[in-house]
């Protein structure tokens, strides 16, 4: 959207200032997720305040939680779970979905029909419900969480990639390749994938947001990351008792989630456009 | 062409039915892989090996999975929803009143959210590019991006803790008078309404913008039509299908949101019942509640698809 | 002397590219239109003709805006007025006839509602009077069932009828000026005649002035009093129609006229070798499950036979829907077909999946739209290298050398290797398309309307290239087109198709001759000539028109 302020041009790409700010936030949280143990002022379980649900002070910028632990450190450590689990799930979901989507679009026939029908059915189960039901049955260890979240979002990624691939498949250069005698792996890898890479990355970003929100929701209900570990949703759950007092400990993790998800959504809406003029 | 409409509709409904069967199988499968013996759990202290074996036979727990699935499905269809593990009450009785509560909540939310969202979405598309449109877009992105519990906790913080206008919890038992009801319903409804409105506004705006970017909308402008006329007479009739589709899809988000909202506000609806059932591993209750959710979801999505099909003017 | 109805003075329009740069697309254009006069704006795509025409409505498409100059219409400067003031003029004083009427009609409303909408917007007359006037216009435009046609929806009515209905929509407000934006470009030649006649009659009756935008000189010659020739946003020449056609002054105008009449091909000698490159017997192709005799249930091509000798070319012409593209695809093996095909005397499998690598290599196909025929994510070098790797297992230096040679063959600079298709012009892309086909060293190239999407000057250059390549490389072409002039320039024999059947096959000069098939005669007589009196003096056999044209 070039309507927002024109930004800096670097190396042939143009990013406006909103996009750049969002990118900064995202990279920031990613670094926190990696370096948390070294950045956090206190350890994960250290009780530092004699009071609980303490206010925002110089020593504890986000207050203290229901046990008297430093909220800032809790959040920095929690980033590992929120970002880590979500990233693993989304990579799994989109990797599977995009490959299947492209294969279905190019092969057509019964493969496409059967797969689409099955994944549509999977899509007809509300995501929170599916997460609830699976966790009720199998429990909520980290691998189970990642797998469940991935399975929930494969159909959406599949449908999106398939729609893109079907459009590319209709182009004449695919017919040319087919007439040459090229096989499925070449068609998918060399002809179709390069043409849908951009939108696919944007979709990965969107799905990452969905996964973060679902994971946080499940943790909030007590069905996600289990104590003593805590992702941001679980942090809200733990500290919900502080709501009547207006303690910062309740809102801080939610704000952290919001900063990450809003930054990703805004970035996608403000993606840079390539500068290539016909009349150059 | 009557025949083609009828055949398209039938095909879509059949697909919905097939999906329902697949979905119910998935729900059944997911809840049946439970480590630990159901009969042992139920008998508790009295779980001698013979008692367990006897109970297993009585509950048909050793039959092959497909047979159990068939029996369960048949039971659901004929109204026999089974008995809850946790408190031995018939499930139909447990669910009945609470389902009504959840539907009331959803109904009131829809009543508020839909008109507001449609107006905002259409006007934002009409005045595309102005500051009004930008503000609406930024706000909707914000609301869509955040988890429902954040909207709920923020509402509680603002209205219950700081302003003290509304109670934090809702005790929806004997609600006397309109004023009381308003105070009890206000925050759950507000939270839910925010969430689904944001979705609806975005989708409505997109549908109207798409209808405005067409050659026939340009033609209307070139005939001297004002912007209002182009939107109301030319874009809207064509965007109606996608808009209703958007409303139905957004309403389906209620199914997820209601789980969080009923939990936070302690609202006695069917979603809270299911969350509690998960805590106690009450399988039949979980299964039945899950099926209700899936059924409602499927109805909404199928309706949305059918409306999209029927709204194609070329079918006339 | 009365002032002209339209005066355009030094008009400048600029546009914003994707990257955010502003470039000038109209660079100071001036011309007049008198009352009741029809002026044509002629130019190739990118010349700015539509943009200029739209400024007469005070309108610019997204990204463009009027940046300078004046556009005087009946005493009001459309370039300087506010949007609301412009809306008052649109439909009432100046009206627009769109290029694609099918897209310009709202599918959700009846035709009548849309035709009389102008009267509602500008409060010109009550609805009953408007309806009656509309029906009169329908009658004047020779539309079928004038009282009833307004009650239909746009998708229930044919393209030619919609085009005339859009003229009714424009004329109902009694405008002083009507803008025609290439309204017959999407129509078949046989339909085009009816529509042109209807426009001419309606304009004469209304006494309105007109601005007719087109790239087709012959069409414009029939309807315009004066012609403005445009290129790259600048005026090249202005003059009376006859003067432009008989004695053009500007070199660009001469180029356009030359492209209209391409040189015919010197007849190729029949080769000494007996075996034809391609022999096709009773080819039927289509869709749907196969019937008992192997033919598909929905037939697009019915029982077509022909022979192509080495070094000679066969052209296939016909209107849209006649099956010529399907024929090419069946020969290529893209769709299922029944019948026999022999390549160099040996049997050829019907479907590409069943053909040997050799057979696939020897028949190559070039598609119409180079935009969809070249992978936008690959560089030109990669596009050309792939067939070389695939068929001949070339690598390294040998591969690069061959790629360079291919670029030389199609007369493109070697530096273009590293560009992407989106950076090339239409003509350049089509040449790369050709080079990719040549990379396989084929015997036969199937050209499916390869010049139809190109400007006439660029297309003529491509045809010349094809001829040179043929003499260098001993190729044969199967050349599909709807344009007889192009086909005449390159083919030794021409086959005419109608409704899936081959109705005639003769030399290019003989097509449409009195002794031939009635459809071929109708087709040839419908192709516009560069003679302003052609349309008025044209007489087509009504029986033929009734039998063959889709009105």
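The base-10 log of I(q)/I(0) for chain C, evaluated at q = 0.09, 0.11 Å⁻¹, reads -0.77, -1.10 [Debye formula, identical scatterers on Cα atoms, solvent excluded]. Using R0 = 51 Å, the C-beta based FRET efficiency linking residue B:67 and residue C:307 works out to 0.15.
Percent of Cα pairs in the protein assembly as shown per distance bin of 20 Å, from zero to the largest separation: 10, 32, 34, 19, 5, 0.
Take each peptide in C:524-535, A:244-255, C:122-133, count the other Cβ atoms within 10 Å of every residue, and average; sorted highest first, the result is A:244-255, C:524-535, C:122-133.
For chain A, a Gaussian network of Cα nodes joined below 10 Å ranks A:62, A:184, A:235 by mean-square fluctuation, and the top entry is A:184. In plain terms, the chain from residue C:287 to residue C:501 could stretch by 75.4 nm, reckoned as 0.36 nm per residue minus the Cα-Cα distance.
Among rounded, prolate and oblate, which fits the range C:312-436 when a ≥ b ≥ c are the square roots of the eigenvalues of its C-alpha gyration tensor, a/c under 1.5 means rounded, and a/b larger than b/c means prolate? Judged from the Cα gyration tensor, the range C:312-436 comes out oblate (a/c at least 1.5, b/c at or above a/b). The long axis of helix A:193-220 is offset from the longest Cα principal axis of chain A by roughly 30 degrees.
Note on residue C:371 and residue C:255: their simple-model spin labels are 2.3 nm apart, each label 7 Å out from Cα toward Cβ. Between A:209, A:154, A:106, the GNM of chain A built on Cα springs shorter than 10 angstrom shows A:106 fluctuating the most. Length gained on full extension, residue C:527 to residue C:27: 176.6 nm, using 0.36 nm per residue less the C-alpha separation. Where the centroid of each part is defined by its Cα atoms, how far is the range A:146-219 from the range A:39-91 in Å? The range A:146-219 and the range A:39-91 have Cα centres spaced 36 Å from each other.
Which of A:28, A:109, A:131 ends up with the largest GNM mean-square fluctuation for chain A, with Cα atoms connected below 10 Å? Ranking A:28, A:109, A:131 by mean-square fluctuation puts A:109 first. The calculated FRET efficiency for the pair residue A:114 and residue C:408, based on their C-beta separation and a Förster distance of 56 Å, comes to about 0.65.
What the Cβ-Cβ distance of residue B:266 and residue C:156 gives, at R0 = 35 Å and to the nearest 0.05, is a FRET efficiency of 0.05. Label sites at residue B:139 and residue B:93, each approximated as a point 7 angstrom past Cα along Cα to Cβ, lie 4.8 nm apart. Rounded to the nearest 500, what is the 222 nm mean residue ellipticity of chain C from helices alone, with -39500 (n - 2.57) per DSSP H run of 4+ residues and division by all residues? Per the formula, -10500 deg cm²/dmol.
When C:31, B:112, C:367 are sorted by how many other C-beta atoms sit within 10 angstrom of their C-beta, beginning with the fewest, the order is B:112, C:31, C:367. Backbone N atoms of the range C:13-53 closer than 19 Å to the 7 Å Cα→Cβ label point of residue C:204 belong to residues C:35-40.
Secondary-structure-derived ellipticity at 222 nm for chain A, considering helices only, amounts to -22500 deg cm²/dmol, per-run term -39500 (n - 2.57) for DSSP H runs with n ≥ 4.
Averaged over the residues of A:168-174, the number of partner chain Cβ atoms lying within 10 Å of the residue Cβ comes to 6. With a simple spin-label model that places each label point 7 Å from the Cα along the Cα-to-Cβ direction, the separation between residue A:138 and residue C:419 comes to 5.4 nm. Where does the Debye-calculated log10 I(q)/I(0) of the range B:215-255 sit at q = 0.25, 0.29 Å⁻¹, using only Cα point scatterers of equal weight, no solvent? Results for the range B:215-255 at q = 0.25, 0.29 Å⁻¹ read -0.76, -0.89.
If a/c stays under 1.5 just call it rounded; otherwise compare a/b with b/c (prolate if a/b is bigger, oblate if not). Do that for the range C:331-395, with a ≥ b ≥ c from the square roots of the Cα gyration tensor eigenvalues. Judged from the Cα gyration tensor, the range C:331-395 comes out oblate (a/c at least 1.5, b/c at or above a/b).
Where a number appears in this text, it was derived from the coordinates with a stated rule and is not lab data. Only a predicted model underlies this, so the values are computations on that prediction, with no experimental measurement involved. Here the Cβ is made from the backbone with ideal geometry for all residues, glycine too, and neighbour counts use every protein chain on show.
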